[in-house]
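Please treat every number below as a calculation from the coordinates, not as lab data. Since this is a predicted model, take the numbers as computed values, not measurements. All Cβ positions, even for glycine, are placed from backbone atoms using ideal geometry, and neighbour counts span all protein chains on display.
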Amino acid sequence: MVSTYILLAWTWARAAMAYRASFALMAVLGTVLAATDVAVILVIFANTTSLAGFSHDEVLFLYGASNVAFCFCDMFVGNVDRISRHIKAGTFDAMLIRPVSPWIQLATDNFSPTRAGRIAQAAAVLAYALAALDLDARRLWMVPVMIVTGVVIFASLWTLAASVQFVLTDAPEVVNAFTYGSGQLTQYPFSVYARDLVRGVTYALPLAFVNWQPGLYVLGRDDPFGTPSFMRFLGPVAAVGLALPAWLAWRRGIRHYRSTGS
Amino acid sequence: MIELDRAGRSFKVRREVVHAVRDLSFTIAAGEFVGCLGPNGAGKSTTIKMLCGILTPTSGRVRVAGLDPSRRRTTLARRIGVVFGQRTTLWWDLPLRDSFELIRLLYNVDRVAYRSRLDELTETLGLGDFAAKPVRQLSLGQRMRGDLAAALLHAPDVLVLDEPTIGLDVVSKAGIRDFLRRLNSEQGTTVLLTTHDLGDIERLCRRVMLIDHGRLAFDGTLDDLMATAPGRSTIEEVVTRLYTTGRETAR
Ligand SMILES: Nc1ncnc2c1ncn2[C@@H]1O[C@H](COP(=O)(O)OP(=O)(O)OP(=O)(O)O)[C@@H](O)[C@H]1O
Ligand SMILES: [Mg+2]
């Protein structure tokens with residue numbers, strides 16, 4: 001699975017470099033992108049204040065942790081939400097006749113490494129926050145766990161969004177708002193949101209396990225909403241609990257796929 | 001090699017149900033060369049899509065190379081080659097050569113086998129002149145040859161083609177027909193094609209099937225087909241009669 005993914009992504013990335021634009025243009029573009037990434041970080045630093053009881057650095061930590069997971073998914077999985085375009089153009093049929101999962105083919109389709117800068121930017125913010133905060137070293141093991149959890153949760157949301165498009169082929173924008181909205185929502189401490197929203201987001205879509213619940217553990221803080229402390233460790237359970245229905249929905253979508261009439 | 005048992009596929013279109021294929025049963029043995037005729041909207045493409053696992057049948061049973069296509073799609077993919085004449089299965093922006101390389105990776109074809117197979121296909125299909133061009137720049141005939149090569153790189157036992165000669169000039173058509181005939185006789189590949197070109201049927205197919213309104217309306221040799229309408233001398237006349245009477249009985 002993973003090796004097939006890498007092979008396909010590599011083939012596309014190479015093709016992008018060889019045929020899309022001249023190499024010089026790519027290089028210039030890359031520099032410009034890196035510069036804007038730095039600018040974005042500076043803007044984030046300047047505009048972040050303590051928020052709803054969380055300090056400047058704590059807010060950056062939560063932002064960074066969520067964004068690393070989100071940008072990673074955006075680059076490596078995000079393409080699956082283009083499925084409705086492939087369905088309408090008939091190119092999805094071509095993916096179904098290959099001996100590789102169409103999910104992988106979609107995810108790697110036209111893969112381009114240009115979005116790697118965003119992951120680096122998010123990682124830089126996270127690294128800064130980790131260094132600036134005086135954290136208990138015995139709790140840092142949770143950081144990689146929460147990032148993997150976040151990746152699985154976002155990837156599952158994207159897969160669900162893609163599965164919906166087997167039925168609602170004409171509604172990709174709505175679906176897009178759903179995945180990107182989730183990314184945005186997790187950028188701030190959940191204490192800025194109303195209690196009902198947090199409850200919905202925690203239990204229905206387990207977004208609170210991307211960075212909020214495990215983040216509270218890393219920061220050594222109590223939940224302002226008063227959830228019990230064992231909730232801090234339920235991230236992986238929630239991720240698997242979302243991945244499973246996402247996988248089933250995807251399989252169902254494929255079985256109900258109608259192709260096109262001509 | 002291919003087995004359909006009362007296979008059916010329907011589509012819900014708003015409130016109505018369209019039965020694209022219903023109660024279709026036939027068997028194709030290994031090594032056969034079968035042509036499938038039928039008026040527009042008869043259900044030919046739907047049948048082909050059920051054979052390669054793109055569409056899940058809504059009733060009945062389908063087996064290809066002993067596998068249920070919709071459940072074992074990726075396993076079957078290694079044993080079947082598929083060509084859609086109306087639409088390429090290649091990657092629009094990649095040069096033909098890179099499309100082939102991608103297919104090699106997808107199917108895990110070993111490098112040596114791939115090399116010799118590709119050389120052979122390049123030779124017989126004359127791909128050399130345009131292998132470096134992106135697929136979107138190819139003419140229809142060139143693209144079709146590219147698609148054929150792509151479907152055969154992994155040396156499948158079965159080849160199914162949906163209108164492989166659509167839009168081709170007489171010379172290209174003859175080239176593709178010749179290629180398919182040799183593929184079947186020399187390598188023993190089972191071939192099933194759909195077409196609206198009766199020349200394909202006359203020149204290639206030992207066995208003809210006619211699908212109409214999603215059902216099998218005729219299955220037999222070309223001679224059998226001609227015998228259904230004594231007194232008519234050309235295949236065009238015979239098929240026209242079959243298509244029009246089919247339409248009347250359906251009313
Ligand atoms: N995805 C779909 N959604 C709704 N109806 C469909 C779909 N695909 C096919 N149909 C319907 O099923 C019937 C059979 O279509 P199919 O494409 O199999 O015909 P065909 O024999 O290939 O025709 P042609 O010779 O024109 O290519 C048609 O009535 C068509 O409208
Ligand atoms: Mg058709």
Approximate spin-label separation residue B:13-residue A:145, in nm, with each point projected 7 Å along Cα-to-Cβ
5.5 nm
Per DSSP, the loop-located chymotrypsin sites (Phe, Trp or Tyr not before Pro) within the stretch A:66-158 having at most 15 other beta carbons within 10 Å are A:141
Within straight-line cross-link reach of residue B:133, aspartates and glutamates at Cα separation under 16 Å, skipping those fewer than 8 residues along the same chain:
B:93, B:98, B:101, B:147
Return a whole-number percent for the relative contact order of the stretch B:23-168, with Cα pairs under 8 Å and 6 or more residues apart as the contact set.
30 percent
With only helices counted (DSSP H, runs n ≥ 4, each -39500 (n - 2.57)), the per-residue ellipticity at 222 nm for chain B, to the nearest 500, works out to -12000 deg cm²/dmol
Ranked by GNM mean-square fluctuation in chain A (Cα springs under 10 Å), the top entry among A:218, A:175, A:167 is A:167
Using a Förster distance of 22 angstrom, determine the FRET efficiency expected from the C-beta separation of residue A:42 and residue A:192, and round it to 0.05.
0.45
Chain A - mean residue ellipticity at 222 nm from DSSP helices (-39,500 (n - 2.57) per run, n ≥ 4, rounded to 500)
-21500 deg cm²/dmol
Sorted by Cβ density within 10 Å, fewest first, the residues B:166, A:119:
B:166, A:119
Relative contact order (%) - criterion: Cα under 8 Å, at least six apart; region: chain A
26 percent
Could you put B:10, A:229 in order, starting from the residue whose Cβ has the fewest other Cβ atoms within 10 Å?
A:229, B:10
Within the stretch A:240-262, name every residue whose backbone N is under 16 Å away from a label modeled 7 Å from Cα of residue A:169 along the Cβ vector.
A:253-262
Any lysines whose Cα falls less than 30 Å from that of residue B:12, other than same-chain ones fewer than 8 residues away, would be A:88, B:44, B:49
